[in-house]
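Below: one structure, written as structure tokens.
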Amino acid sequence: MDLKFALRSLFKNPGFTLLAVAVMALGIGANTAVFSVVNSVLLKPLAYRDADRIVTLSSLWRKSGSHGQVSGPDYHDWHDQSTAFSAMAYYDNEETSVMIGSSAEYAAVALVSPEFFQVFSMEPAVGRLFSGEESKAGGAPAAVISHSYWLNRFGGNPRVLGQTVRMLDKNFPIVGVLSPGFRFPDKTDIWVPASTFPESVERSAHNYLVVGKLKPNVTLEQAQSQMTAIGTRLSQQYPASNKNKNVAVTRMRDEMVSNIQLTLYVLLGAVAVVLLISCANVANLLLAKATTRTREIAIRAAVGASRGRIIRQLIVESVLMSLGAAIVGLLLAVWGSAALVGLAPANIPRLAETSIDGWVLAFTLVVSVVASLLFGLAPALHASRVDLNDALKQGAARAVVGGGAGKLRGALVVAEIALSVVLLTGAGLLIRSFVALNNVALGYRPDHVLVMATSVPANDLKSAQRASRFYKELLPDLATLPGVTAVGATRTLPGHIGSNGSYWVDHFPTREQMGASGPGAVFSVVGPGTFAALGIPLRTGRDFSAADTYDAQFTAIVNEAFVRQSFPGQDPIGRVLYCGLDSMNGMRIIGVVGDVRQYGPSRPPVAEIYMPYEQHPEPSTALNVLVRTGNDPASLEETLRRKARAHSAEVPVKFTTLEESLSENVAAPRFRTLLLGSFAALAVCLAMAGVYGVMAYLVGQRSNEIGLRMALGASPSDVWRLVVKEGMVLTGAGLVVGLVGAFAATRLLQTMLFEVKTGDPVTYAAVAALLAIVAMIAAYVPARRASRVDPLIALRQE
């Protein structure tokens, strides 16, 4: 009976019902869309067997508390001395050149130790995994490929086993294809035994990442305790290299999402605020509707309906509206979640798994029911509290709800404004931070630079030196192209983390000095012309040249931050440096260049040592060729591709621009700024709709009073000011509450801000001014209507 009556009541007022459903659908849809991403990235278990037992192990630097990669000797001691793990393995991965037949292409390749696949309980879909002999040092080469690589590159041919892929200057026969879905780490295409290549024996060479699987009866805390004890023993046994480090054990899912977790929870909190504002808006609509239903409710009470029955009836109507809003909200969420995935940074793990699944549907249902109670309960309680004698005497148009309804409507508007202030302040801080991030001096010019990534096959020093000849011939050839103003090459692009470590000046370090933490710097391997291509100014000395070969005096160029750190007030030219990048040959400083922000716009420049690529070959010789042009960089892509192929058919290439590469550094700030700004704008629109609704309602209810005032001499401008003043009083109360709440809530954003404090007075003043202006506009139309009331008509109605 209640359900049928509720449906009839809603259909009798289709305009009101559609408006309420639309407002709620916005809040529910936004929450569902964001939750679908949060669920996929943060809450779903990893798609591996016993995923909660898979952990990462990393070097823990005691002084800084930071985690880092692991040396080979440390890994072997961890593996051999621990009993908490059923399997432990290390890996190293990169994109490199792969030859299949006569075709060269990029593929993601991972070098893995013997127990790697045991950690993930992986079985092959075709063929087998690595044998014991293949996993031993010096064993025969072998490769296992991903299911997607098998389908895309080999067409799913079951005869793929035995076919050969050539990479790192070796031939690897394919022995197996993994089950669908597994591509750890970083969308790997090909796995090969790490034992195929020599392992570093230095404990100071942190080259590997480590994963492990806890035994079924071992907790994370027990494993951490055991590994801490092992790390302490190693620091005592090898003080030169391990004095300041221990071991950190982290659940893999937590490690994967550590960089994005706070952002997603902030966004989820933001859409929850939007939902609360939606609920307040609908509650105001229901209070307004209750005014017109007072006589109906009084009649029902007079014929025997209890107050509980009336409340239940009104709550049923609210639930039906919220369920309708949930259906519309789900449709909005499907579109919204796709938009979120499209806008989100590409490096968010598991983002592709975002979907509207059972958990998301359950979340939507719960949100809808809770929302119906939030926006329906208070109006229902007020509507059921009627004076029968007074209500039955009045006409429907003049009936009023209990005296607290007006105060409740005002309180709801104040709450809407306060909540929107919190969101708008957070968005304002992020916007100011993002603007500062984009305007920061980078130290280089990213415009008009085409980046051609290349990878030359090599597996030892001799072949790496041969590979260097490819660049020695290619770079001068590209410099002759029309429109090209500078050509260079770098192993690591600005804004992307590369090699770093300690260095020593003027003398070869002792073993004790190598183990101690000394001054550090970024190590960058570049080619001649790189500074001109990047627009980095040469302050003093000379650039690298073709004469800086492996057989010549080793050379280096340092930046100004390095000079401030090691040679304050001195001339560094001619001084000799030693560092552990790949050899301990002394490098004579030949020049000083300007500082660049090596780790992205948000971090200041640090000391940097540039080294010529011919003097620092590596087994996987990969350089980013930089071509500065006065034309559109993309117009050179095919020309550069042909030039590279003419010099070697075994070198794959892929293109981007330096501006696109820089854009990756600000992808996460841009994502959260855009979304929080959008949610804040939506919240302000809803809050101002609430201001308008309350003022319009008050003008309608007080039209007789306004007519009387005007009959007694009040001018239209007096009436206009009266109405606007009441709207601004509500806005002022909301601003005060909201600014206090924002000051507390924005503390969560501290780590996301760049050169902006959470208490930034400019942002708070701008938010207050903006909301005051918007609120005045929202109150203007009802105030204008009030100022045009005809006193005679109003008094005649009285």
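Brief remarks on what is shown
- Selection within region 172-187 - open to solvent by less than 20 Å² (accessible area, probe 1.4 Å) and under 17 Å from SER121 (Cα atoms): GLY176, VAL177, LEU178, PHE182, PRO185
Yes/no per residue for (1) touching a Leu at 6+ places or on another chain (Cβ under 7 Å); (2) at pLDDT 65 or above; (3) more than 23 Å from LEU275 (Cα to Cα); (4) of a type in the set (Ser, Thr, Tyr):
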{"site": "THR364", "(1), (2), (3), (4)": "yes, yes, no, yes"}
{"site": "SER372", "(1), (2), (3), (4)": "no, yes, no, yes"}
{"site": "LEU381", "(1), (2), (3), (4)": "no, no, no, no"}
{"site": "ARG385", "(1), (2), (3), (4)": "no, no, yes, no"}
{"site": "ALA397", "(1), (2), (3), (4)": "no, no, yes, no"}
{"site": "ALA405", "(1), (2), (3), (4)": "yes, no, no, no"}
{"site": "VAL422", "(1), (2), (3), (4)": "no, yes, no, no"}
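- Screening the candidates SER433, SER502 for the property of being under 30 Å from TRP61 (Cβ atoms) and at pLDDT 90 or above yields one hit, SER433.
- Top-ranked residue of region 344-374 - restricted to ones that are open to solvent by less than 20 Å² (accessible area, probe 1.4 Å) and hydroxyl-bearing (Ser, Thr, Tyr), ranked as nearest to GLU255 (Cα to Cα): THR364
- Unmet requirement for SER545, which otherwise passes all of (1) open to solvent by 40 Å² or more (accessible area, probe 1.4 Å); (2) within 34 Å of the chain's Cα centre (by Cα): (2)
- Test: residue in region 96-108 that is more than 20 Å from VAL249 (Cα to Cα), modelled with pLDDT of 90 or more and of a type in the set (Gly, Ala, Ser): yes
- Identity of the residue in region 196-211, surrounded by fewer than 20 Cβ atoms within 10 Å (Cβ to Cβ) and among the hydroxyl-bearing types (Ser, Thr, Tyr), that ends up farthest from VAL249 (Cα to Cα): SER200
- Members of region 637-665 that are among the hydrophobic types (A, V, I, L, M, F, W, C) and under 32 Å from the mean Cα position of the chain (by Cα): VAL653, PHE655, LEU658, LEU662
- Yes/no for VAL651 being surrounded by 15 or more Cβ atoms within 10 Å (Cβ to Cβ), at pLDDT below 90 and either assigned to a helix (DSSP H, G or I) or touching a Phe, Trp or Tyr at 6+ places or on another chain (Cβ under 6 Å) (or both): no
- Of all residues in region 591-610, those that are out of contact with any Pro (no Cβ under 6 Å at 6 or more places or on another chain), buried (at least 19 other Cβ atoms within 10 Å of the Cβ) and among the charged types (D, E, K, R) total 1.
- Cross-chain or 6+ apart pairs with Cβ under 6 Å, region 677-691 first and under 19 Å from LEU730 (Cβ atoms), then among the small types (Gly, Ala, Ser) and part of a helix (DSSP H, G or I): ALA683/SER420; VAL684/SER420; ALA687/SER420; MET688/ALA778; VAL691/GLY727; VAL691/ALA775; VAL691/ALA778
- Selection count where residues are among the hydroxyl-bearing types (Ser, Thr, Tyr), open to solvent by less than 20 Å² (accessible area, probe 1.4 Å) and under 28 Å from GLU659 (Cβ atoms), scope region 466-512: 2
- So ALA458, is it crowded, with 22+ Cβ neighbours inside 10 Å, under 19 Å from SER97 (Cα atoms), within 36 Å of the chain's Cα centre (by Cα) and at pLDDT 90 or above: no
- Any hit, region 623-635, residues being open to solvent by 10 Å² or more (accessible area, probe 1.4 Å), assigned to a strand (DSSP E or B) and farther than 20 Å from VAL98 by Cβ: yes
- Among residues of region 142-167 that are in contact (Cβ under 8 Å) with a residue 40 or more places away in the chain, those with a Cβ under 6 angstrom from a residue that is part of a helix (DSSP H, G or I), sequence gap 6+ or separate chain, pair up as ALA142/GLU134.
- Put simply, of LEU214, LEU168 the only residue that is surrounded by 15 or more Cβ atoms within 10 Å (Cβ to Cβ), of a type in the set (A, V, I, L, M) and modelled with pLDDT under 90 is LEU168.
- Condition check for PRO617: crowded, with 20+ Cβ neighbours inside 10 Å, at pLDDT 90 or above and either within 19 Å of ARG491 (Cβ to Cβ) or of a type in the set (Lys, Arg) (or both): no
The values are calculated or read from the model by the stated rules, or taken from the named source; none is laboratory data. What you are looking at is a predicted structure, and each value in this text was computed from that prediction instead of being measured. Cβ sites come from the backbone with ideal geometry, for glycine too, and all protein chains shown count toward neighbours. Just so you know, the surface numbers come from the protein's heavy atoms only, side chains and all, with ligands and any DNA or RNA stripped out. Shrake-Rupley method; radii C 1.70, N 1.55, O 1.52, S 1.80 Å.
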